[in-house]
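K.L.:
One structure, as structure tokens, below. Some questions next.
The values are calculated or read from the model by the stated rules, or taken from the named source; none is laboratory data. Bear in mind the structure is a predicted one, so any value in this text is a computation, not a measurement. Here Cβ is always computed from backbone atoms with ideal geometry, including for glycine, and neighbour counts include all displayed protein chains. Protein only, heavy atoms only, side chains kept; ligands, DNA and RNA dropped before computing areas. Shrake-Rupley method; radii C 1.70, N 1.55, O 1.52, S 1.80 Å.
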Amino acid sequence: MSSRIFLSPPHMGGRELEFIHEAFDSNYIAPVGPQVDKFESEFAAMVGIKHAAAVASGTAALHLALRYIGVQSGDEVACSSFTFVASANAILYQGAVPVFIDSDEESWNMDPNLLEQLFEKRARTKKLPKAVVLVHLYGQPADIDRIAGICNRYQVALIEDAAEALGAEYKGKAPGTFAKAGIFSFNGNKIITTSGGGMIVSDDEALIRKVKFWATQARDQGLHYEHSELGYNYRMSNILAAIGRGQLGVLRERVEGKRKIFETYKKALSQLPGVAFMPEPDFCRSTRWLTCLTIDPECSGTDRDRVIKVLEDNNIESRPTWKPMHQQPLYNRNEMIGGAVAKRLFEQGICLPSGTSMSDEDQDRVIRLVRTCWGMG
Ligand SMILES: *Cc1c(COP(=O)(O)O)cnc(C)c1O
């Protein structure tokens with residue numbers, strides 16, 4: 001059998017090892033160090049923001065952002081339903097209550113009209129959510145201007161979960177840089193990886209200073225160990241930051257590679273009955289981190305699960321799209337605004353192998369196998 005094709009495996013190829021050697025030569029085998037400092041400043045320059053803090057994961061970054069904004073026990077936080085569970089879990093870490101918002105058909109991300117509907121409803125009882133966690137899914141920005149506008153009008157803090165959207169553009173600027181804070185992830189399957197890690201970015205220097213403090217056990221100034229606040233062990237290792245610097249150097253290439261993979265799939269598969277590819281609104285340029293499409297079983301003669309099975313039988317990894325939070329056992333008692341769009345995107349959605357190291361022959365093989373589900377060779 002041919003070797004396995006993964007969904008989105010790590011793709012090294014920049015100067016990762018060179019920077020790791022720098023880290024070894026300086027003997028900073030530590031959770032801070034010069035590679036971390038450089039990774040932060042290079043990352044901030046790349047996305048076009050003033051300050052950044054490298055942390056152990058995207059989830060940790062989100063937790064720190066929510067805490068800085070003052071989210072606490074009993075607060076509500078509005079969050080995209082169609083996302084990976086980490087977006088919502090960080091809200092629970094603070095003891096707050098997620099309220100989920102459905103997606104729109106244009107971007108597959110948070111529907112601004114439904115967010116506004118929630119705010120109007122809450123304004124009547126004078127208890128607005130403390131924050132909004134806006135997710136940019138699968139490399140595609142949400143309609144940030146509209147959502148930020150609504151948040152401004154109601155004076156609700158906005159946090160962007162751009163874990164999947166590094167390298168994307170919204171009206172020419174990087175998603176993750178529009179809100180009070182933005183977060184990114186360098187987990188193994190993301191567009192660039194440090195094996196595990198995350199970044200929190202902001203134009204607010206005080207925010208970044210504070211989250212770095214919390215991320216290093218909240219140690220006060222002084223000779224001995226003095227602690228007046230609760231902290232965490234959330235900093236990024238200097239070695240992993242070295243990998244991140246190498247990866248940052250090939251980000252542009254990776255985005256173009258991902259977009260090319262998407263276009264190749266689209267050309268080969270979009271004519272199949274019942275198939276619809278993830279759209280791309282005019283206001284943004286997606287990275288197409290994962291190629292996603294929906295298969296309507298009513299008019300395709302096949303379905304999403306069958307395609308996944310055929311691929312798996314041929315040692316090819318594909319996945320259903322994210323199962324929405326309002327359908328998760330952990331969150332299905334939480335309030336949901338709308339829900340039908342995310343539900344359908346999950347029931348019919350599939351992510352095809354989108355690794356930038358995948359050869360043209362391998363992608364051809366995936367395409368041929370998918371077409372067999374429609375009875376075409
Ligand atoms: C990956 C991911 C996260 C969490 O990032 P980690 O680095 O894995 O903790 C958060 N939100 C979304 C949408 C993600 O895809």
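K.L.:
Which numbered condition trips up E42, out of (1) within 18 Å of A142 (Cα to Cα); (2) more than 12 Å from the ligand (Cβ to nearest atom); (3) open to solvent by 40 Å² or more (accessible area, probe 1.4 Å)?
P.N.:
Tallying (1) within 18 Å of A142 (Cα to Cα); (2) more than 12 Å from the ligand (Cβ to nearest atom); (3) open to solvent by 40 Å² or more (accessible area, probe 1.4 Å), E42 fails exactly one: (1).
K.L.:
S202: within 9 Å of the ligand (Cβ to nearest atom), in contact with a helix residue (DSSP H, G or I) (Cβ under 6 Å, 6 or more places away or on another chain) and open to solvent by less than 20 Å² (accessible area, probe 1.4 Å), yes or no?
P.N.:
Working: within 9 Å of the ligand (Cβ to nearest atom): no; in contact with a helix residue (DSSP H, G or I) (Cβ under 6 Å, 6 or more places away or on another chain): yes; open to solvent by less than 20 Å² (accessible area, probe 1.4 Å): yes.
So S202 does not fit the description; no.
K.L.:
Residues of the range 57-103 being aliphatic (A, V, I, L, M), within 10 Å of the ligand (Cβ to nearest atom) and surrounded by 19 or more Cβ atoms within 10 Å (Cβ to Cβ), which ones? Steps first, answer last, please.
P.N.:
Let us first name the residues in the range 57-103 that are aliphatic (A, V, I, L, M), namely 60-62, 64-66, 69, 71, 77-78, 85-86, 88, 90-92, 96-97, 99, 101.
Right, trim to within 10 Å of the ligand (Cβ to nearest atom) and you get 60-62, 85-86, 88, 90.
Once the filter is applied, which keeps residues that are aliphatic (A, V, I, L, M), within 10 Å of the ligand (Cβ to nearest atom) and surrounded by 19 or more Cβ atoms within 10 Å (Cβ to Cβ), the range 57-103 yields A60, A61, L62, A86, A88, A90.
K.L.:
Tell me, which residue of the range 112-145 that is buried (at least 17 other Cβ atoms within 10 Å of the Cβ) and among the charged types (D, E, K, R) is farthest from the ligand (Cβ to nearest atom)?
P.N.:
R122
K.L.:
Under 8 Å between Cβ atoms, which residue pairs at least 6 apart in sequence (or on different chains) link something in the range 186-207 that is on the phi < 0 side of the Ramachandran plot and touching a residue at least 40 places away in the same chain (Cβ under 8 Å) with a partner that is open to solvent by 20 Å² or more (accessible area, probe 1.4 Å) and of a type in the set (F, W, Y)?
P.N.:
Close Cβ pairs (under 8 Å, with a partner that is open to solvent by 20 Å² or more (accessible area, probe 1.4 Å) and of a type in the set (F, W, Y)) amount to L207/Y68.
K.L.:
Which residues, taken from the range 153-176, are assigned to a loop (DSSP other than H, G, I, E, B) and within 20 Å of L115 (Cβ to Cβ)? Step through it out loud before you land on a result.
P.N.:
Filtering the range 153-176 down to residues assigned to a loop (DSSP other than H, G, I, E, B) leaves 155-156, 162-168, 171-172, 174-176.
Hits for the range 153-176 are Q155, V156, A162, A163, E164, A165, K171, P175, G176.
K.L.:
Okay, next question. Going through E169, E160 one at a time, which residue ends up being open to solvent by 40 Å² or more (accessible area, probe 1.4 Å), of a type in the set (D, E, K, R) and more than 10 Å from the ligand (Cβ to nearest atom)? So that I can check it myself, show each step before the final result.
P.N.:
On the way: E160 fails: open to solvent by 40 Å² or more (accessible area, probe 1.4 Å).
The match here is E169.
K.L.:
I would also like to ask the following. Evaluate the range 104-111: report whether one residue or more is aromatic (F, W, Y), more than 29 Å from F283 (Cα to Cα), surrounded by 19 or more Cβ atoms within 10 Å (Cβ to Cβ) and within 22 Å of the chain's Cα centre (by Cα). Don't jump to the end; show me each part of the working.
P.N.:
So the first thing to find is which residues in the range 104-111 are aromatic (F, W, Y), and the list is 108.
Imposing the further condition that a residue be more than 29 Å from F283 (Cα to Cα) reduces the set to none.
Within the range 104-111, none of the residues are aromatic (F, W, Y), more than 29 Å from F283 (Cα to Cα), surrounded by 19 or more Cβ atoms within 10 Å (Cβ to Cβ) and within 22 Å of the chain's Cα centre (by Cα).
K.L.:
Let me ask something else about it. Taking the range 309-326, which residues are part of a helix (DSSP H, G or I), surrounded by 19 or more Cβ atoms within 10 Å (Cβ to Cβ) and out of contact with any Phe, Trp or Tyr (no Cβ under 8 Å at 6 or more places or on another chain)?
P.N.:
Initially, the range 309-326 is screened for residues part of a helix (DSSP H, G or I), giving 309-313, 325-326.
After this cut, where a residue has to be surrounded by 19 or more Cβ atoms within 10 Å (Cβ to Cβ) as well, the list is 311, 325-326.
Passing the criteria: only L311.
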